[in-house]
Amino acid sequence: MTKTQKSLVFVTVALLALVAGLALRGTGTPTGAPQPAAIASAFVTPLSTPDGGKASLSQWKGKVLVVNFWATWCAPCRKEIPDFIRLQESLGSRGVQFVGIAVDEADKVAAFVREVGLNYPTLVGELDAVEIARAMGNELGALPYTVVFDRDGNVVQVELGGTNEAKLRPVLTSLL
């Protein structure tokens, strides 16, 4: 796929996610039920890191895991990230791990990570991120989309269309 074709696909996905995200903003309601087999597969799918490495969600098993699907161009995503940074800072030592999965290009993600001082890992899923989000119940592919897992890997909470510290903190502290 040429760079122009790849950019066109990203723009299309971005527009669809933006429209869906705006339509569902604040609903907190997933579009489908996360399926255990699909989630297990998503946990072992290797994704790129902004620095060119590889990682998968499985390396954080055993922690209270908050997986956030986002993009640099997504305004609601950018709005919730400072809350995630604060929660990671205050609860990380107790076993909470935030992981971002960007539906974006690696160079844009790397620049954003530096710009905001992201203190938790982010993976670059590009279009694979949309499929992983679908496996976790996001049938529309809307952004942002956040899934909270307990230490045993069970889905505890799903937020579609943005979340914040006030919503997440009680859930996370109850899992510690």
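Summary of values
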{"read-out": "Residue ID - surrounded by the most Cβ atoms within 10 Å (Cβ to Cβ), chosen from residues in the stretch 118-156 that are of a type outside the set (Phe, Trp, Tyr) and touching a Leu at 6+ places or on another chain (Cβ under 6 Å)", "value": "ALA142"}
{"read-out": "Which numbered condition LYS54 fails, given (1) buried (at least 20 other Cβ atoms within 10 Å of the Cβ); (2) in contact with a Leu (Cβ under 9 Å, 6 or more places away or on another chain)", "value": "(1)"}
{"read-out": "Selection within the stretch 151-176 - farther than 15 Å from GLN88 by Cα and acidic (Asp, Glu)", "value": "ASP152, GLU159"}
{"read-out": "Entirely in the stretch 67-163, the strands (runs of 3 or more DSSP E) that have 3 or more residues that are more than 24 Å from ASP51 (Cβ to Cβ) and within 13 Å of the chain's Cα centre (by Cα)", "value": "145-149, 155-160"}
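Just so you know, all these numbers are worked out from the coordinates, no wet-lab data involved. As the structure is a computational prediction, the values presented were derived from the model and not from experiment. No Cβ is skipped: glycine too gets one built from the backbone with ideal geometry, and neighbour counts run over all protein chains shown.
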